[in-house]
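This report concerns only the one structure given below.
Where a number appears in this text, it was derived from the coordinates with a stated rule and is not lab data. Model, not experiment: these values are computed from the prediction. Heads up, the Cβs are rebuilt from the backbone with ideal geometry, glycines too, and the neighbour counts pull from every protein chain shown.
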Amino acid sequence: MKKTDWNFRKKRGQGFTLIEVVVGLAILGVGLMVIMELFAGGLRLGRVSEEYVKAVHLGRLKLEEISLKSLVEEGSEEGEFNEDYRWRIEAKKMDILPFEKDTDFKPSVELFQVKVAVIWKSGTKERSLNLESYRVIKLKSDEKKS
């Protein structure tokens, strides 16, 4: 019996069985699906990265615009860069004196904390990027004395 089983295999030749072919195709299909998902994920991450780079650029432009102004006022302001990106600025006056305010010293400058938020819609999500800077403004009373 064993000899005939061996002869049967020998007569069949060196080909693959149908089950071996189906299993091989299933493994190949799963592998290709994983590779396609990796490429799709890479493309998505590339797009999101491009959006963040653009948001940083627009936020820095808005910070530069604020630094060119001679006067900064406390409060918030909003606007749009284009149809995709919006901005929000918050300026807050900071106290540069120590916690004890019993001094007669009056500083000749004011310190402002400026926060710029860039907001955009990315697919179904809304993303945002926050930039923060400080701005020193010379008081007008000192300009007249100089």
At 7 Å along the Cα-to-beta-carbon direction for both Met94 and Ile35, put a label point, then send me their distance in nm to one decimal.
5.4
Quote to one decimal, in nm, the extra length available between Leu25 and Glu80 on full extension: 0.36 nm per residue of separation minus the C-alpha distance between them.
14.6 nm
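Order of 58-66, 36-44 by packing, highest average Cβ count within 10 Å first?
Working: 58-66: 16.2, 36-44: 10.2.
Highest mean packing first, the order is 58-66, 36-44.
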Pop a pseudo-label 7 angstrom from the Cα along the beta-carbon direction at both Leu45 and Leu139 and give the gap in nm to one decimal.
5.3
Taking r as the C-beta separation of Ser128 and Glu73 and R0 as 25 Å, the FRET efficiency to the nearest 0.05 is 0.60
Going down the list Lys62/Lys125; Lys62/Lys140; Lys69/Lys106; Lys62/Lys106; Lys93/Lys125, which pairs span over 28 Å between their C-alpha atoms?
Lys62/Lys106; Lys93/Lys125
Within the range 65-133, DSSP-loop chymotrypsin sites (Phe, Trp or Tyr not before Pro) with at most 11 other C-beta atoms within 10 Å are Phe99, Phe105
